[in-house]
1. For segment 195-221, which residues satisfy the criterion of being farther than 19 Å from HIS178 by Cβ and either exposed (fewer than 14 other Cβ atoms within 10 Å of the Cβ) or in contact with a Gly (Cβ under 6 Å, 6 or more places away or on another chain) (or both)?
2. Anything in segment 134-156 that is buried (at least 17 other Cβ atoms within 10 Å of the Cβ) and either under 16 Å from PHE6 (Cα atoms) or in contact with a Leu (Cβ under 6 Å, 6 or more places away or on another chain) (or both)? List them, or say none.
3. Is it the case that segment 157-174 has a residue that's within 17 Å of LYS21 (Cβ to Cβ), small (Gly, Ala, Ser) and either under 14 Å from the mean Cα position of the chain (by Cα) or assigned to a loop (DSSP other than H, G, I, E, B) (or both)?
4. Test each condition in (1) touching a strand residue (DSSP E or B) at 6+ places or on another chain (Cβ under 8 Å); (2) under 29 Å from GLU197 (Cβ atoms); (3) without any contact (Cβ under 8 Å) to a residue 40 or more places away in the chain for ASP104 and report the one that comes out false.
5. Does segment 207-223 contain any residue that is touching a helix residue (DSSP H, G or I) at 6+ places or on another chain (Cβ under 7 Å), polar (S, T, N, Q) and not in a helix (DSSP H, G or I)?
6. Being exposed (fewer than 12 other Cβ atoms within 10 Å of the Cβ), modelled with pLDDT of 95 or more, in contact with a strand residue (DSSP E or B) (Cβ under 8 Å, 6 or more places away or on another chain) and farther than 22 Å from ALA191 by Cβ narrows it down to one of ARG52, ARG30, ARG58, ARG92, so name that one.
Amino acid sequence: MMLASFEGWNDAGSSASTALKMIADAWDAREMRQIDPDSYHDFQVNRPVVQRTPDGSRALTWPSTTVSVTVTPQTGRRLVLARGTEPSLRWRAYCNELLDAAEDLDAGTIVCVGALLADVPHTRPIPVQTSSDDPRVQALLGVEDGDYEGPTGIVGVLAQMALDRGLHSLSIWAAVPHYVAQPPSPKATLALLTALEELLGEPVPTGDLVEDSRAWQDGVNELAEEDPEVAEYVRQLEEAKDTADLPEASGEAIAREFERFLRRRDTGGGPVSGS
């Protein structure tokens, strides 16, 4: 399985790229290759960054894409991680290069991870949607067909081109409150990791995200309380969300949460709250 995320338009609050970075760091992912940025990036759009190195010299960091491999600690699943910045140029060639790398590393399923800005309240669980245009994935995982039509980012192109190649393909998206779009967005990152945990069938690393999510929500609460118009807007979003989510208090939803609790208890990780 390959998990892919890209900084930029598909990465509201930097939540998707942060989620995959946490997995790569915690599971000691080993870099296998890099995609040369010269062919795919306009450096006036995504500029290189100058940084000081530990020895005091200066070095350039370019907006490249890395492909790394790790093994999940519990089930021993081989996992390919593709992380980079959404390219400016030659998207089809870029996606073909990524998919070639996936096939070379025996990854038959492409999971695109993204985040978008939406009209959702910061005080409620972050909505996460898992969808696929692949009938095989829909039948296997019980996920819905993607119903979005309109402009798409690199994750949408990669998912479709994977499907056109005959690979399995699905997408996981988190909805980030648009009025707190500035990264980091720990609550959205935690929601994405929770969805990936359900997909992989074993606990994934969450670090301090539970505490960070509570602190983030408390901070946004304080800012909202200082502006009556924002507070009223949040209240309206809460009412709309609560009304829409009433059917979610189902036996199936409760069973999923209980299964996740048991997995974490068995591995000593403790339960994770998305609230």
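1. Listed by number, the residues that qualify are GLY201, PRO203, ASP208, GLU211, ALA215, ASP218.
2. Hits for segment 134-156 are ASP134, VAL137, GLY153, ILE154, VAL155, GLY156.
3. Checking segment 157-174: at least one residue is within 17 Å of LYS21 (Cβ to Cβ), small (Gly, Ala, Ser) and either under 14 Å from the mean Cα position of the chain (by Cα) or assigned to a loop (DSSP other than H, G, I, E, B) (or both).
4. Looking at each condition in turn, ASP104 falls short on (1).
5. Among the residues of segment 207-223, not one is touching a helix residue (DSSP H, G or I) at 6+ places or on another chain (Cβ under 7 Å), polar (S, T, N, Q) and not in a helix (DSSP H, G or I), which makes the answer no.
6. Going through ARG52, ARG30, ARG58, ARG92 in turn, just one is exposed (fewer than 12 other Cβ atoms within 10 Å of the Cβ), modelled with pLDDT of 95 or more, in contact with a strand residue (DSSP E or B) (Cβ under 8 Å, 6 or more places away or on another chain) and farther than 22 Å from ALA191 by Cβ: ARG30.
The values are calculated or read from the model by the stated rules, or taken from the named source; none is laboratory data. What you are looking at is a predicted structure, and each value in this text was computed from that prediction instead of being measured. Cβ sites come from the backbone with ideal geometry, for glycine too, and all protein chains shown count toward neighbours.
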